[in-house]
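The values are calculated or read from the model by the stated rules, or taken from the named source; none is laboratory data. Note that the coordinates shown come from a computational prediction; the quantities given were computed from them, not determined experimentally. Because the Cβ atoms are built from the backbone with ideal geometry, glycine has one as well, and the counts that use them run over all protein chains shown. These area figures cover heavy atoms from the full protein model, side chains too; ligands, DNA and RNA do not enter into them. Shrake-Rupley method; radii C 1.70, N 1.55, O 1.52, S 1.80 Å.
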Amino acid sequence: MRRTEALRSLVRETRLEPGQLIYPLFVCPGEGVRREIGSMPGVFNLSVDEAVKEAEEAAQLGLGGLLLFGLPEAKDEAGTGAWDDAGVVQTALKALKQTAAAKSLVLIADVCLCEYTSHGHCGVVNETGSGFEVENDSSVKLLAKTAVSLAKAGADVVAPSDMMDGRVGAIRDELDVEDLEQTPILSYASKFASAFYGPFREAADSAPQFGDRRSYQMDGANVREAMREIELDLAEGADMVLMKPAMPYLDVIRAARDRFDVPMGAYQVSGEYSMLQAAFARGWLEPERAMLESLVGIRRAGADFIVTYFAKDASRLI
């Protein structure tokens, strides 16, 4: 049954299709901006006009959607740019909604404060006698405000990635109050405090200026806790869940797939992408085969869709 490609294709258990791939975009101020990210070959900071071009190409390739992140012109301690109705992601969403590409692409807006805060943390920071703490409840209010702003700007899906407790319920309540009850929530339900986020922090200019995020992102050693986090987010109103990172946590994806019957995605994060790109550049791995194998492995583990910087390249091959 493995003798020819036709036979192999006939009995293939796991399939990878362009419509299962979500392409992340980093939107920045300006016009005509296409600035390559040093640690992520082939990935760019894009002004809104350039992001529209990317969306048109993504639609032509048959991708499932886009995940938008923003680089604001200015930052402050509260991250006010996150819910600015004239903010960079809100502006991009409005522009994208005017294109034909928006009819075939799901526009997903990341909901977090780290790209907008001067300190780089995902919520409101308070100083304590022993250092600092990220204040959960006041952060949740700002995250809900951000989700409403993004949904009003045209986001088809809002995706909270902050890992604050109770944020899904707060976002659902605020969306419903604002007559946005049809906007689904894709919750980063198990987002681990990972070393694999490094290149992203360059791309989004979101590295913490002090400390780290281990007090609110998950401990990578805990699978059972991940299941509890997913269960809580679903109870609060999440419609879909996202696992992050993917490759080092394939067992978590499988455990969640076996337990929860909801749409589930996985994020092949920046470190996974850059690690493979470094190997490709040195001739250590065959690019096309290794790229597709990494994505098929994530699908095989149980992910229905994959957020990946390889989305465009992979779609051209499958």
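Please arrange Lys244, Lys141, Lys97 by accessible surface area, largest first, computed with a 1.4 Å probe and ligands excluded.
On the way: Lys244 15, Lys141 150, Lys97 75 Å².
Result of the area sort, largest leading: Lys141, Lys97, Lys244.
Just how much of Arg8 is accessible, in Å², when a 1.4 Å probe is used and the result is rounded to the nearest 10?
Result for Arg8: roughly 90 Å² accessible.
Please get the size of the charge dipole for the stretch 80-205, origin at its Cα centre, with Cβ charges of +1 on Lys and Arg and -1 on Asp and Glu, quoted in debye to the nearest 20.
On the way: 10 positive and 19 negative charges, 98 e Å.
Using Cβ point charges on Lys, Arg, Asp and Glu, the stretch 80-205 gives about 460 debye.
What order do Ile253, Ile318 take when sorted by accessible area (1.4 Å probe), most exposed first?
Values: Ile253 0, Ile318 75 Å².
Largest to smallest exposure gives the sequence Ile318, Ile253.
For the stretch 1-60, which GluC sites (Glu not before Pro) are both in a DSSP coil and crowded by at most 11 other Cβ atoms within 10 Å?
On the way: sites: Glu5, Glu13, Glu31, Glu36, Glu50, Glu54, Glu56, Glu57; in loops: Glu13, Glu31.
Filter output for the stretch 1-60: Glu13, Glu31.
Label Gln60 and Ala221 with points 7 Å out from Cα along Cα→Cβ: what is the distance between them in nm?
Between Gln60 and Ala221, the label points sit 5.1 nm apart.
Would you please give the residues with an amide H less than 5 Å from that of Arg213, counting only those at least 5 places away or on a separate chain, with H modeled from the backbone geometry?
Residues meeting the amide H criterion: none.
How long is the gain from Ala195 to Thr4 if the chain were fully straight, where each residue apart is worth 0.36 nm and the alpha carbon distance is subtracted?
Working: separation 191, 0.36 × 191 = 68.76 nm, distance 4.07 nm.
Gain on extension, Ala195 to Thr4, equals 64.7 nm.
Is it possible to state the helix-based mean residue ellipticity at 222 nm for the chain, with each DSSP H run of 4+ residues giving -39500 (n - 2.57), the sum divided by total residues, to the nearest 500 deg cm²/dmol? What is it? If you can, show how the numbers build up before the last one.
Numbers: 11 runs with 121 residues, N = 318.
-11500 deg cm²/dmol, from helical runs alone.
So if R0 is 30 Å, what FRET efficiency would Glu286 and Arg35 give, r being the distance between their Cβ atoms, rounded to the nearest 0.05?
Numbers: r = 29 Å, r/R0 = 0.97.
Efficiency, rounded to the nearest 0.05: 0.55.
Indicate the gyration tensor shape class of the stretch 201-267 (rounded, prolate or oblate), computed on the Cα atoms with a ≥ b ≥ c the square roots of the eigenvalues: a/c under 1.5 is rounded; otherwise a/b larger than b/c is prolate and the rest oblate. Before the final figure, lay out the partial values.
On the way: a/c = 1.80, a/b = 1.77, b/c = 1.02.
Taking the square roots of the gyration eigenvalues as a ≥ b ≥ c, the stretch 201-267 is prolate.
Loop-only check: which chymotrypsin sites (Phe, Trp or Tyr not before Pro) in the stretch 173-271 are DSSP coil with at most 10 other Cβ within 10 angstrom?
Values: sites: Tyr188, Phe192, Phe196, Tyr197, Phe200, Phe210, Tyr216, Tyr249, Phe260, Tyr267; in loops: Phe210, Tyr216, Phe260.
Passing sites in the stretch 173-271 are Phe210.
Run the numbers for Lys53 and Asp304: contour at 0.36 nm per residue of separation, minus the present Cα-Cα distance, in nm.
Values: separation 251, 0.36 × 251 = 90.36 nm, distance 2.65 nm.
Extra length from Lys53 to Asp304 when fully extended: 87.7 nm.
My understanding is that a pair violates if its Cα-Cα distance is over 30 Å; which of Lys141/Lys312; Lys103/Lys145; Lys145/Lys244 do that in this structure?
Details: Lys141/Lys312 36 Å; Lys103/Lys145 26 Å; Lys145/Lys244 24 Å.
Over 30 Å Cα-Cα: Lys141/Lys312.
Give the accessible area for Arg289 in Å² (nearest 10); use a 1.4 Å probe, count only protein heavy atoms, and leave out ligands, DNA and RNA.
150 Å²
Read phi for every residue in the stretch 213-223 and hand back ³J(HN,Hα) as whole Hz from Karplus 6.51 cos²θ - 1.76 cosθ + 1.60, θ = phi - 60°, with x for Gly and Pro.
Values per residue, Gly and Pro as x: 10, 5, 7, 10, 7, 6, 6, x, 8, 10, 8 Hz.
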